[in-house]
Amino acid sequence: MRALIGPATAVLWTIASAAHAYIDVTPSLGRLIKESDRIVALRVEKVIREKQAVVYKRVSDLKGKPAADTLKHLLTDGRLLDWAEEGKTAVAFIAPGGPCLVCTGYGWYECHPQQDSWWRMSLARPELALAYAGPATKLRGAVETMLAGKEAVITTAVHGAANQAMTFEIAFNQTRGDASCPLQRIRASLRMPDQVYLIGTAPPFFVGLGAAGAEDVPRIVESLRSPDRFVRIEAADELLSLAGAPARGEAAGAVARPAVPALDAALGDADAAVRLHAAAALVRIEAGHPKALAAMLKGLRDKDAAVRKTAAQCLGRAGGAAKTAVPALIEAMQDTDVEVRRAAIESLGDIGPDAGAAVAPLVKAMKDPQTRCAAAEALGPLGAKARPAAAALAEALKDPDERFRWAAAQSMVQIGGPEVKAVVPFLVQALEKAGGRDFYDLTLYLGILGPEAREALPALERLRARDRELTAMAIWGIQPQDKFPWDLGYTNDRPCDLWLFLAYVRHMGDRAKAAAATLAARLAGSTAGPMPSWGYHLLIEEPDAAVPVLVKALRDGNSKTRACAAAALGKMGPAAQPAAEALEAAANDPEPAVRNAAARSLKQVRR
């Protein structure tokens, strides 16, 4: 599925052998620095698009003996090639023996040396956004600071804050590789934990959500006036990222709103890319900002193909806020330049379900060898709107091109519904041979498909010995009212277990509601089994389904049932506020056990 190319000499540079470790034990930036033999700051010197190649010039050696002056990389991921532009910065972490991890800023890839002095990309490493996600120039500075024994504040993809995790986004390679990825700030040093799940929201490390706080906005605004075009672009992207992840409970975009006048001024920048990146930030901060949206639509009609491509990409960065641009992006799919066409296709996927009108054009684009992978990938984020594409995607599963097959398979999983059942045998066949991250991803895909993946249950049951936790989650995702993960042996109770469970819950839709009602009834009836603490979060996420079941048990059940229902409501905390009146009544129950449980739970509900 995503086989590595070339030998790997250290655990850090390979996908962890324990499947459940793939995301949560992603190495921290501190560990990457400590275990790298060499760290090199690079600048893109040349892009050879017909060879899918990037030639880097060594800028400085941050650690270890000097690297070669020139590094030549063959890339196998279209989005990374789209990133490449002369003058851009990257940072390479080179392991003893040769394997290399390259951070392009918001994206990462792994590559291996070849016999002819070239390095070949083996796979994208989206999980490394949990180690660092942000401008590569800032990564270079952070590495220098950390190597000097000091502490740096860095940005990473969100992992643990507000019980959020990038589990499914990483499994679908949708950390997006740009500033629209939800970010958090952490303190980083060579003394930080080696694995990202150990950082979580611990006070010594976690600073806050978003790429910056309100106090940082003046600094970013000043960077919009830099003479360096890349610094100006990075500043616009940083402001865009603030609109994607609310900080300290504020509304999305609120922290960045004081920068709106400066971004408005940047719409008149002499550099087209700066104008377009500023426009994307404005549309995210103030949804539908007419002047900014008009600037990107104008860019789509520019005579310069590079400007048209950037305009298409920036509309994607704006996401759903740019939904009115869908017709223009569909038109751009007919552009004479293939890179513009691919950028338009990818941005339609980034806009998501609001781009439902693009389904038929995307199916047509799947017939073009130059755009078919991008088109197949773009259909997935459109969700149920893309169900008319199911037959075309199913046909793609038979294609000899592995990347095209997997693009189609991943999109079918995201689309869901009875129309995509043809993907299940394909996934099961791959699961039988999978290990490491592939096993992790495949169990997630089957679990998210839900009842449509019932024919995968025998294989998942048979493979439980390979990984009890991942198979338990997949089985539960397929039939969430029959057995819960802990019924299937998943009893670990760590923060990362909660994050995985919640990632499933938040992707399950109505299935999660039905499961919450079932779990509430089992808790009231003392038949929930040895449930880890994270099981209660199903009730917290779906209070409308759980609270009525528990309130009815609290009022109508026998004394044991009433006490259990009261206790379960307390575990829900403030999410059970609608049950406060019933708990008040139960606090006067003739049975002491019920009275005590209700009194304790009232305090928890009202905290």
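Counting only residues that are touching a residue at least 40 places away in the same chain (Cβ under 8 Å) and under 28 Å from GLU402 (Cβ atoms), give me the helices (runs of 4 or more DSSP H) lying completely in segment 426-532 with at least 1 of them. Talk me through it step by step, then tell me what you get.
Values: elements: 436-449, 457-462, 468-478, 495-508, 510-524.
Qualifying helices (runs of 4 or more DSSP H): 436-449, 468-478, 495-508.
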Among the candidates ALA598, ALA553, ALA563, which residue alone is in contact with a Leu (Cβ under 8 Å, 6 or more places away or on another chain) and either free of Cβ contacts under 8 Å to residues at least 60 places away in the same chain or surrounded by 15 or more Cβ atoms within 10 Å (Cβ to Cβ) (or both)?
-> ALA598
Total residues in segment 216-241, condition within 22 Å of CYS181 (Cβ to Cβ) and charged (D, E, K, R) | 6
In segment 388-420, anything charged (D, E, K, R) and buried (at least 18 other Cβ atoms within 10 Å of the Cβ) is listed as ARG405, GLU419
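Scan segment 286-308 for residues that are among the charged types (D, E, K, R) and surrounded by 24 or more Cβ atoms within 10 Å (Cβ to Cβ) and report the count.
Filtering segment 286-308 for residues among the charged types (D, E, K, R) gives 286, 291, 298, 301-304, 308.
Remaining after also requiring surrounded by 24 or more Cβ atoms within 10 Å (Cβ to Cβ): 308.
Qualifying residue count, segment 286-308: 1.
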How many of the residues making up segment 64-108 are more than 19 Å from GLU339 (Cβ to Cβ), of a type outside the set (Gly, Ala, Ser) and touching a helix residue (DSSP H, G or I) at 6+ places or on another chain (Cβ under 6 Å)?
-> 6
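For segment 316-362, which residues satisfy the criterion of being within 19 Å of ALA306 (Cα to Cα) and among the charged types (D, E, K, R)? Show your work before the answer.
The first filter runs over segment 316-362 and keeps only residues within 19 Å of ALA306 (Cα to Cα), leaving 316-318, 325, 328-348.
Correct list: ARG317, GLU331, ASP335, ASP337, GLU339, ARG341, ARG342, GLU346.
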Would a scan of segment 532-543 turn up a residue that is of a type in the set (Asp, Glu), on the phi < 0 side of the Ramachandran plot, at pLDDT 95 or above and under 37 Å from the mean Cα position of the chain (by Cα)?
-> yes
Residue match in segment 538-561 (condition: assigned to a helix (DSSP H, G or I), assigned by TED's automatic domain parsing to the domain that holds ARG600 and touching a Cys at 6+ places or on another chain (Cβ under 7 Å)) | no
Given (1) surrounded by fewer than 24 Cβ atoms within 10 Å (Cβ to Cβ); (2) part of a loop (DSSP other than H, G, I, E, B), GLY134 misses just (1)
Can you find even one residue in segment 350-363 that is in contact (Cβ under 8 Å) with a residue 12 or more places away in the chain, in a helix (DSSP H, G or I) and within 19 Å of LYS398 (Cα to Cα)?
-> yes
Would you call VAL54 among the aliphatic types (A, V, I, L, M) and touching a helix residue (DSSP H, G or I) at 6+ places or on another chain (Cβ under 6 Å)?
-> no
Mind checking which pairs have a first residue in segment 115-144 that is under 17 Å from SER180 (Cα atoms) and a second that is of a type in the set (D, E, K, R) and in a strand (DSSP E or B), Cβ under 9 Å, 6 or more apart or different chains?
-> LEU128/GLU110
For GLY489, all conditions in the list (1) modelled with pLDDT under 95; (2) at negative phi hold save one; what is the number of the exception?
-> (2)
Kindly provide the set of residues from segment 324-351 that are closer than 24 Å to ARG405 by Cβ and surrounded by 18 or more Cβ atoms within 10 Å (Cβ to Cβ), ordered by number.
-> MET333, GLU339, ARG341, ARG342, ALA343, ALA344, ILE345, GLU346, SER347, LEU348, GLY349, ASP350
Would segment 478-486 turn up any residue that is closer than 22 Å to ILE540 by Cα, hydrophobic (A, V, I, L, M, F, W, C) and under 23 Å from the mean Cα position of the chain (by Cα)?
-> yes
Filter result for the condition that a residue is modelled with pLDDT of 95 or more and within 17 Å of the chain's Cα centre (by Cα), over GLY352, GLY380, GLY356 | GLY380
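Quick check on segment 266-285. Is at least one of its residues more than 22 Å from the chain's Cα centre (by Cα), at pLDDT below 90, within 17 Å of ALA322 (Cβ to Cβ) and crowded, with 16+ Cβ neighbours inside 10 Å? Before you say what the answer is, go through the steps one by one.
Filtering segment 266-285 down to residues more than 22 Å from the chain's Cα centre (by Cα) leaves 266-276, 278-279, 282.
Narrowing further to those that are at pLDDT below 90: none.
No, because not a single residue in segment 266-285 is more than 22 Å from the chain's Cα centre (by Cα), at pLDDT below 90, within 17 Å of ALA322 (Cβ to Cβ) and crowded, with 16+ Cβ neighbours inside 10 Å.
The values are calculated or read from the model by the stated rules, or taken from the named source; none is laboratory data. Predicted, not measured: the structure shown is a model, and the values here were computed from it. Cβ coordinates were reconstructed from backbone atoms using ideal geometry, including for glycine residues, and neighbour counts include every protein chain displayed.
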